[in-house]
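Report on one structure; see the data block that follows.
The values are calculated or read from the model by the stated rules, or taken from the named source; none is laboratory data. Quantities reported herein were computed from a predicted structural model and do not represent experimental measurements. So basically every Cβ, Gly included, is an ideal-geometry build from the backbone, and we count neighbours across all protein chains shown. Remember, those area values only see protein heavy atoms, side chains included, never the ligands or the DNA or RNA. Shrake-Rupley method; radii C 1.70, N 1.55, O 1.52, S 1.80 Å.
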Amino acid sequence: TPPELVKRLGIFDLDPCCPIDAPFLHAKTNYTTVENGLTKEWVGRVYLNPPYGKGMELWLEKLKIHGNGIALIFARTETKCFFEHIWNHADAILFVKGRIRFYHVSGIQGGTPGAPSVFIAYGSENAMALKNSGIAGRFLSLK
């Protein structure tokens, strides 16, 4: 995730899906695939950009239960995952205007992805962080 976007959301205690040899860090504590953040206890405010595809719902389920954090995923609002973990459980969402160009582990920004992105807030303080972030897009309160 571009670091300038995450900085607009405030300080995070944990990133449970940090790449190995990440070019920049988004939280005070960072778990890579070596530590397997899905099996660890989550403490504090979490920034979650989960592995996309099969298994992503496990990460969103854990954040939903934890109740304190912001996730970033593709805005595929019709999916079973979105209905089971976001529409009825998140506090707010922010649909990002345009497409986020993510970084490769090399530190080089990649091309335009094939789908738009959405930030998902769990917890009222994280909903306010989204609302006040200044990130271009459309904010929706879900509570």
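Tabulated results
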quantity	calculated
Probe 1.4 Å, accessible area per residue of the range 35-113, Å²	53 Å²
Of all DSSP beta bridges in the chain, antiparallel share, percent nearest 5	75 percent
Relative contact order (%) - the range 95-143, alpha-carbon pairs under 8 angstrom, separation at least six	40 percent
All lysines inside 22 Å of K28 as judged from Cα atoms, apart from same-chain residues fewer than 8 positions distant	K7, K40, K62, K64
Selected from C81, L25, A115, residue furthest toward positive end of dipole (the range 14-143; charges at beta carbon)	A115
Span from the the range 89-143 Cα centroid across to the the range 1-47 one, whole angstrom	15 Å
Per DSSP, loop GluC sites (Glu not before Pro) in the range 53-143 with at most 15 further Cβ within 10 Å	E78
Taking the chain and dividing mean pair separation by its residue count, relative contact order in percent (alpha carbons under 8 Å, at least six apart)	24 percent
I20 - accessible surface, heavy atoms, 1.4 Å probe, Å² rounded to 10	80 Å²
Along each principal axis, Cα extent of the chain, largest first, Å	37, 33, 29
